[in-house]
1. Could you list, ordered by first residue, the pairs with Cβ atoms under 6 Å in which the first is in region 253-268 and closer than 14 Å to C365 by Cβ and the second is among the hydroxyl-bearing types (S, T, Y), at least 6 apart or interchain?
2. Just to be sure before I move on: is L197 in a helix (DSSP H, G or I) and buried (at least 24 other Cβ atoms within 10 Å of the Cβ) in the structure I sent?
3. Pull out all pairs, ordered by first then second residue, where Cβ-Cβ is under 8 Å, the residues are six or more apart or on different chains, the first lies in region 136-160 and is under 19 Å from K267 (Cα atoms) and part of a helix (DSSP H, G or I), and the second is within 13 Å of the ligand (Cβ to nearest atom) and modelled with pLDDT of 95 or more.
4. For region 156-173, which positions are within 14 Å of the ligand (Cβ to nearest atom) and either over 15 Å from the mean Cα position of the chain (by Cα) or among the aromatic types (F, W, Y) (or both)?
5. Could you figure out which of (1) touching a Lys or Arg at 6+ places or on another chain (Cβ under 6 Å); (2) in a helix (DSSP H, G or I) isn't true of N271?
6. In the list F279, F323, which residue meets the criterion of being closer than 19 Å to I74 by Cα and in contact (Cβ under 8 Å) with a residue 60 or more places away in the chain?
7. How do the pairs read when you match residues in region 69-97 that are at positive phi with residues anywhere that are in a strand (DSSP E or B), using Cβ under 6 Å and keeping only pairs 6 or more apart or on different chains?
8. Can you tell me how many residues in region 138-153 are more than 12 Å from the chain's Cα centre (by Cα) and either closer than 16 Å to A82 by Cβ or surrounded by fewer than 24 Cβ atoms within 10 Å (Cβ to Cβ) (or both)?
Amino acid sequence: MIPISKPTLPDLSDLSDKFEEIFKSGQLTNGKYVEQFEEACAAQAGTKYAVAVSSCTSGLILLHKTLGLDGDVILPSFTFSATGHSLIWNNLTPVFVDCEEDSCNIDINRVEAMISPKTSAIFGVDIFGNPCDRRKLKEIANKHGLAFIIDSAHGLGSSYDKQKISYSTDALVFSLSPTKVVVAGEGGIVATNDEQLAAKLKKARNYGDPGNYNCEIAGLNARMTEINAVTGLASLRMVEDNVTRRNFLAQKYIEELSVLEGIAVQKIKNNSLSTYKDFTIVIDEDKTGISRNALQESLSGMGIQTKAYFDPPLHLQDAYRDFLDMNKENLKITEHLSANCLSLPIYSHMTDEDQSFVIDSVVRCLHK
Ligand SMILES: *Cc1c(COP(=O)(O)O)cnc(C)c1O
């Protein structure tokens, strides 16, 4: 079976000395490797501060909390569930905006119409590693006095308009879980230039405790362990090579598949670089003669794992049914992408042979 994704891990032999040191010292969390990893992540993201947390989900939950967001938050519905869940955990109301068909990112031209006096933030997502248009989104946020944050779970290693990935954002959160490009086992990073926000986040990840057990907010235990930090540090050193390799694989997919009638590929815009955390095609059944679901099933029969990201989109998930009435806005492109997108196998150490097999298999399915 060719998996959809596989973590490209550093050599265990390069890490074992450090693991041994951590075990001997007994300093399993809150130690020097977490600090080193935070510095390295801040440099990669282009921010002054990076706060390591236990996951992207916990980082997002704590970010909304420490920013003091209230009321409504504007976000795309075409995203992973945790984007929306982080709002629900803060009693915030998700206000969904449709996405663009080509970039799969939030449609910047539809954002302003959804802003109301209750809105406190615009919440972008870098879908599949493709940076959303942070320059435009920040302009809109500034005009209306809103916070502007990004779920960049897929984006550590991406860049926007030849700038660092943090460009024009108040804060963004990366994921380091095994399906992402930089892997720490589990983990997340909140990156920001705001010193006060970073200090609050460091307390928030430690129950909200400033150090005297008189907690300032109801925080979480969202700390990162030293073991995860050592793994993440080594993985981050590989990020440039891995993103280069993924872009090479993506170009090959684009060359071979986008010429086929009825197959579209995600468009990376704004002079940006994507991590290609996922490589995703959109199938037009009228032209290919095969539906997304049928293609997925055929490929599975050929030993190729694919995923129908993100189906169902947030606004159609059971956990969001209470918010549907409030989101009557047209989410047609979101529903179209959810019904017709298929993410193909891509990982940094994928061989050319395995990729050729995937490409040949897709072509064979279409011409049946
Ligand atoms: C994976 C993912 C998350 C959650 O990341 P965790 O580190 O697993 O909590 C959040 N948002 C998006 C878009 C994701 O793909």
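The values are calculated or read from the model by the stated rules, or taken from the named source; none is laboratory data. Every value quoted in this text rests on a predicted model; they were computed, and no experiment measured them. All Cβ positions, even for glycine, are placed from backbone atoms using ideal geometry, and neighbour counts span all protein chains on display.
1. So the pair list comes out as G262/T288.
2. When the stated conditions are applied, L197 does not pass them.
3. L137/I106; L137/G124
4. Those that are within 14 Å of the ligand (Cβ to nearest atom) and either over 15 Å from the mean Cα position of the chain (by Cα) or among the aromatic types (F, W, Y) (or both): none in region 156-173.
5. That leaves (2) as the condition not met.
6. From the options F279, F323, the qualifying one is F323.
7. Final answer for the pair search is G71/S120.
8. The qualifying residues number 11.
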